[in-house]
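See below for the structure under consideration.
The values are calculated or read from the model by the stated rules, or taken from the named source; none is laboratory data. Keep in mind the model is a prediction, meaning the values are calculated, not measured. Ideal geometry is used to build each Cβ from the backbone, glycine not excepted, and the neighbour counts take in all protein chains shown.
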Amino acid sequence: MIYLDYAATTPLDPRALEAMLPWLRDHYGNPASDHALGREARAAVEQARAQVAALIGARADEIVWTSGATESNNLAIKGALEFRATRNAHIVTSRIEHKAVLDTCRHLETQGVRVTYLRPDAEGRIGVEQVLQALTPETVLVSLMWVNNEIGVVNPVETLAPLLRERGILFHVDAVQAAGKLAIDLERTPIDLLSVSAHKLYGPKGVGALFVRKRPRARLAPQLHGGGHEQGMRSGTLATHQVVGMGAAAELAGAAMAEEAPRVVTLRDRLWQRLSKALPAIHGNGLAAERAPHILNVSFEGVEGESLRALLGDLAISSGAACSSATREPSFVLRALGRDDELAGASLRFSLGRGTTAEEIEQAAAQVIQVVHRLREWSPGWRT
Ligand SMILES: Cc1ncc(COP(=O)(O)O)c(C=O)c1O
């Protein structure tokens, strides 16, 4: 099995696992307890907080632990809207956000919030002007992803952040696919709220964080009520081992980025070269846009999506985001880019990572080329 689904999840880095084990095995204190066992757990949690903060150029006290980026996105968007009273409020987002943002916005629409879903261009880009033009006097929040999880296209969040700040509009960024891949400096970039997830950067599943800016303070209504943990924003006993694993993974990702990103770009581009040289009538989605290192999304004319994936059984790849694959519908992201249903259905997302080797890329390319040729031979209407 060749694993090319790092955008869905990454394996746990063995060093992050090592860091976690003592907190599962020996040190069971509750980080909120006021005795020695609690204090040692709290110290570990605070160290991890600083490690995650360092990866994104934040202060440690701006990091709120969550169960993952789905929760971070929910807390950011619902929390911000609820704090400001939702009636007549307006949100600007895009049609190609993760479902954790889109479905949260849809939910808020049932509460009287108005939402503008911006349409990307054919390469998957959302323009700065496009965002500014969508703003109204009622706009309280803009939510855009830093990097799209299906096509890897980078949004102009660094340009937008100061423009939204000037206008007094909160800016939430889902940075799940950017953290550990692109430099993020929140000291320099006035984003107010930013979501990250551990399992996309070689940490454990089930833990994430929301950056909540202190100055100026982004205020949120909590979505989980309870013991008032995490500065009142997210109650619940912290899972020390998970948090420690995320901290270790964040530190490792930060240290590895400068070397890892260009290596992955080389492999990703080699994959595209192999495929595009051997196969006519294929389309690299978002190729003309600025992209994160690790994602390549390709649509194949003249093949049927399900057969394509079935015959590529040795490759762990997705047709889109893991979370929406369950519906078996063609990717809404690719449809928003203007691909028709058939072509959107006959698309593959290759996502590369720390463990990807040149040999795997050669083998994966050879398999895809062979299968596409075979399916096209079987397809009566297909002519190149
Ligand atoms: C862009 C993006 N946002 C949010 C999520 C959800 O993250 P989590 O799995 O931590 O809930 C994912 C992962 O599927 C993602 O790719």
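Kindly provide the set of residues from segment 254-272 that are among the β-branched types (Val, Ile, Thr) and within 20 Å of the chain's Cα centre (by Cα), ordered by number. Working first, answer last.
Residues of segment 254-272 that are among the β-branched types (Val, Ile, Thr), as a first pass: 264-266.
Scanning segment 254-272 gives Val264, Val265.
Identify, please: which residue in segment 4-33 is within 16 Å of the ligand (Cβ to nearest atom) and not in a loop (DSSP other than H, G, I, E, B) and is, among those, surrounded by the fewest Cβ atoms within 10 Å (Cβ to Cβ)?
The qualifying residue surrounded by the fewest Cβ atoms within 10 Å (Cβ to Cβ) is Asp5.
From the residues in segment 158-177 that are more than 16 Å from the ligand (Cβ to nearest atom) and of a type in the set (Val, Ile, Thr), which one is surrounded by the fewest Cβ atoms within 10 Å (Cβ to Cβ)?
Across segment 158-177, the extreme among qualifying residues is Thr159.
Please go through segment 270-286 and give me each residue that is in a loop (DSSP other than H, G, I, E, B) and either surrounded by fewer than 21 Cβ atoms within 10 Å (Cβ to Cβ) or of a type in the set (Lys, Arg) (or both), ordered by number. Write out each step before concluding.
So the first thing to find is which residues in segment 270-286 are in a loop (DSSP other than H, G, I, E, B), and the list is 279-281, 285-286.
Result: Leu279, Pro280, Ala281.
Of the residues Val128, Val45, Val101, which single one is among the aliphatic types (A, V, I, L, M), within 30 Å of Val298 (Cβ to Cβ), more than 16 Å from the ligand (Cβ to nearest atom) and outside the structural domain of Leu352 (by TED's automatic domain parsing)? I'd like the intermediate steps shown before the answer.
Values: Val45 fails: within 30 Å of Val298 (Cβ to Cβ); Val101 fails: more than 16 Å from the ligand (Cβ to nearest atom).
Answer to the selection: Val128.
Would it be correct to say that Leu55 is within 16 Å of the ligand (Cβ to nearest atom), of a type in the set (A, V, I, L, M, F, W, C) and assigned to a helix (DSSP H, G or I)?
Criteria met by Leu55.
Quick one: what pairs do we get from segment 22-39, first residue over 18 Å from His229 (Cβ atoms), second of a type in the set (D, E, K, R), C-beta under 8 Å, 6+ apart or different chains?
His27/Glu40
For segment 51-60, check the following and say yes or no: at least one residue is more than 17 Å from Ala253 (Cβ to Cβ) and touching a His at 6+ places or on another chain (Cβ under 9 Å).
Scanning segment 51-60 turns up no residue that is more than 17 Å from Ala253 (Cβ to Cβ) and touching a His at 6+ places or on another chain (Cβ under 9 Å).
Could you check segment 59-70 and list, in sequence order, the residues that are more than 7 Å from the ligand (Cβ to nearest atom) and in contact (Cβ under 8 Å) with a residue 24 or more places away in the chain?
Arg59, Asp61, Glu62, Ile63, Val64, Trp65, Thr66, Ser67
Determine whether Ala7 is hydrophobic (A, V, I, L, M, F, W, C) and in the same structural domain as Ile126 (by TED's automatic domain parsing).
no
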